[in-house]
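Written below as structure tokens is the structure these notes are about.
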Amino acid sequence: MKNIFIAILLSGFCLLKAQEFKAYQFYDKKGNETGTEKLINELAEYDVVFFGENHNSSINHWLQLKVTEALVAKKNGQVVLGAEMFERDNQPQLNKYLAGKMDAKTLKDSARLWNNFATDYKPLVDFAKDRKIPFIATNVPRRYASQVSKEGLESLNNLTAQDKTYMARLPVKVTLDTPGYSEMKKMMGDHAEEMKVMNFVSAQAIKDATMAESILKNLQAGKTFIHYNGNYHSKEFGGIYWYIKQQKPNLKIAVISVFESEDPELKVPEKDYIPTNFNLVIPEDMTKTY
């Protein structure tokens, strides 16, 4: 009886020992597993790289930092960084911090930083600071996106010339043919008022169009622009990607999309999976930062 009990314990131990705990897995557009070395080598050939994220995913943010470090090394520092999480009118404060003329507390007090800045975005900004790499505040100030959602895109025409420098050049084209926008319309339901629906979609569009314009204004020949944004802003080659392609169709752009999975082996999801150039699959139960 004692031997049987020991055998059961040993078999259980072996099962636990044999199980692997994967933290992430990259796939290419065809569904083939991609290692990080190959990923970096391929990303180095692009003009723009969108690294989508789930805003509260710890592994997502860690990978953004590690991929950025590796890509900077691969390209000998020939990169420009930018992010949705920083708004255009906060560029002066961000520049002062990058130049060492402003400390972290003053930056926090003077710029509209996201609540998870310290844990999720400060490491990227500090890396740029240490390596003297430009970091661009690409997004429209949230007050203008809020205005559009309430009053419509046309309301921006009444702003001052200075205010308009913080957003994409008007008028901004808004179409439900853009990947993702028709999905937003469906989310609001069939009974929602058409005007409210289009205001909601237009608020997303002014963000995407502004980020696209910010990237195009800061592109430098031979450098790769790495942009960090919520997955929704670039998934299915929509959002920011779509707006850039309207102006620069020949620009070489890569999109890294992110998907969560309950599968411990992190295989390509069977549902709701529309791949882009590179696709990051992460555990659904990965630690969240908020």
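The values are calculated or read from the model by the stated rules, or taken from the named source; none is laboratory data. In this text, all values refer to a predicted model and were calculated from it rather than measured experimentally. Every residue, glycine among them, receives a Cβ derived from its backbone with ideal geometry; neighbour counts consider all protein chains shown.
The figures follow:
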| item | result |
| --- | --- |
| Scope the stretch 234-257; condition touching an Asp or Glu at 6+ places or on another chain (Cβ under 6 Å) and surrounded by 18 or more Cβ atoms within 10 Å (Cβ to Cβ); matching residues | 239, 240, 243 |
| Hey, residue 73 surrounded by fewer than 19 Cβ atoms within 10 Å (Cβ to Cβ) and either out of contact with any Ser or Thr (no Cβ under 9 Å at 6 or more places or on another chain) or aromatic (Phe, Trp, Tyr) (or both) or not | yes |
| Qualifying position, being surrounded by 19 or more Cβ atoms within 10 Å (Cβ to Cβ) and on the phi > 0 side of the Ramachandran plot, among 152, 180 | 180 |
| Residues of the stretch 205-232 that turn out to be touching a residue at least 40 places away in the same chain (Cβ under 8 Å) and within 16 Å of residue 173 (Cα to Cα), as a count | 8 |
| Residue pairs meeting the criteria (Cβ under 9 Å; at least 6 apart or on separate chains; first under 20 Å from residue 57 (Cα atoms), in the stretch 270-285; second modelled with pLDDT under 95 and not in a loop (DSSP other than H, G, I, E, B)) | none |
| Near pairs, Cβ below 7 angstrom, 6+ apart or cross-chain, from the stretch 189-202 (crowded, with 18+ Cβ neighbours inside 10 Å and of a type in the set (Ser, Thr, Tyr)) to any residue that is assigned to a helix (DSSP H, G or I) and at pLDDT 90 or above | 202/148; 202/153 |
| Qualifying positions in the stretch 242-261 - more than 13 Å from the chain's Cα centre (by Cα) and hydrophobic (A, V, I, L, M, F, W, C) | 242, 244, 251, 253 |
